[in-house]
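Undergrad: Structure incoming, see below.
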Amino acid sequence: MTSSRGSDPAERHPLLRFFYSDWRPTRMGRWVNRFASFWSGLGLPPRFQVSLEVRGRVSGRVRATPVVIATVDGVRYLVSMLGPGSDWVKNVEAANGEAVLRQGVRQAVRLVPVPKERRAPILREYVRVATSGRTHFPIAVDAPLEEFEAIAEQYPAFRIEEV
């Protein structure tokens with residue numbers, strides 16, 4: 001099955017094809033994500049990675065996903081490197097933004113969607129700090145802001161508000 005968005009740019013890298021296929025994590029990718037979420041939840045490095053916990057829209061069980069926080073002008077954001085079809089994005093939307101960030105301690109948050117016309121600087125910062133996540137973006141780290149504006153609709157971003 002091929003996504004209407006084309007193939008995930010990360011799939012151009014032979015090693016990353018073990019972890020992602022058609023904008024979704026593979027079985028190996030899911031295992032690595034579970035480990036990274038556990039690791040981040042303990043508060044271990046890297047400091048910009050946390051475990052996002054949100055209630056599953058189908059199962060109702062709390063699902064944990066490792067995510068990277070991008071900070072722009074003192075405001076923290078989450079970006080979906082796998083686009084709007086990512087399970088954590090769908091779960092956040094179904095939970096009306098209610099979630100928990102875990103990095104040694106649990107912090108209840110509300111995730112507020114960022115309109116696509118305001119995402120470009122957030123995406124640029126995300127690509128700068130998320131060294132593994134940047135492989136899912138079709139542009140270079142140092143690309144001009146206009147290139148990030150052109151892809152903003154493909155990558156949901158959420159502002160993190162403390163509850």
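Undergrad: Return the pair list, or none, for Cβ contacts closer than 8 Å from residues in region 117-137 that are farther than 26 Å from Phe18 by Cα to residues that are of a type in the set (Gly, Ala, Ser) and part of a helix (DSSP H, G or I), at least 6 apart or on different chains.
TA: Here the result reads Glu117/Ala152; Arg119/Ala152; Ala120/Ala152, each pair linking region 117-137 to a residue that is of a type in the set (Gly, Ala, Ser) and part of a helix (DSSP H, G or I).
Undergrad: On the given criteria, is Phe148 of a type in the set (Phe, Trp, Tyr) and within 26 Å of Phe18 (Cα to Cα)?
TA: The answer is no for Phe148.
Undergrad: Condition test on Val100, is it aliphatic (A, V, I, L, M), in contact (Cβ under 8 Å) with a residue 40 or more places away in the chain and open to solvent by 80 Å² or more (accessible area, probe 1.4 Å)? Steps first, answer last, please.
TA: Working: aliphatic (A, V, I, L, M): yes; in contact (Cβ under 8 Å) with a residue 40 or more places away in the chain: yes; open to solvent by 80 Å² or more (accessible area, probe 1.4 Å): no.
Judged against the criteria, Val100 is not a match.
Undergrad: Search region 82-96 for residues being modelled with pLDDT under 95 and small (Gly, Ala, Ser), and hand back the single one that is most open to solvent (accessible area, probe 1.4 Å).
TA: Looking at residues that are modelled with pLDDT under 95 and small (Gly, Ala, Ser), I get Gly85.
Undergrad: May I pose another question? Return the only residue of Glu149, Glu162, Glu125, Glu153 being within 28 Å of Ala95 (Cα to Cα) and open to solvent by less than 70 Å² (accessible area, probe 1.4 Å).
TA: On the way: Glu149 fails: open to solvent by less than 70 Å² (accessible area, probe 1.4 Å); Glu162 fails: open to solvent by less than 70 Å² (accessible area, probe 1.4 Å); Glu153 fails: open to solvent by less than 70 Å² (accessible area, probe 1.4 Å).
Exactly one of Glu149, Glu162, Glu125, Glu153 is within 28 Å of Ala95 (Cα to Cα) and open to solvent by less than 70 Å² (accessible area, probe 1.4 Å), namely Glu125.
Undergrad: Need pairs with beta-carbon distance below 6 Å; first residue more than 23 Å from Thr131 (Cβ to Cβ) and within region 76-96, second of a type in the set (Asp, Glu) and surrounded by 18 or more Cβ atoms within 10 Å (Cβ to Cβ); sequence gap 6+ or separate chains.
TA: none
Undergrad: Quick one: how many residues across region 24-44 are touching a Lys or Arg at 6+ places or on another chain (Cβ under 7 Å) and farther than 15 Å from Leu101 by Cα?
TA: Narrowing region 24-44 to residues touching a Lys or Arg at 6+ places or on another chain (Cβ under 7 Å): 41.
Filter again for farther than 15 Å from Leu101 by Cα, leaving none.
Residues that pass the stated criteria total 0.
The values are calculated or read from the model by the stated rules, or taken from the named source; none is laboratory data. Just so it is clear, the structure is predicted and the values come from calculations on it, not from any experiment. Heads up, the Cβs are rebuilt from the backbone with ideal geometry, glycines too, and the neighbour counts pull from every protein chain shown. When the accessible area is computed, the model is the full protein with side chains, heavy atoms only, and any ligands, DNA or RNA have been set aside. Shrake-Rupley method; radii C 1.70, N 1.55, O 1.52, S 1.80 Å.
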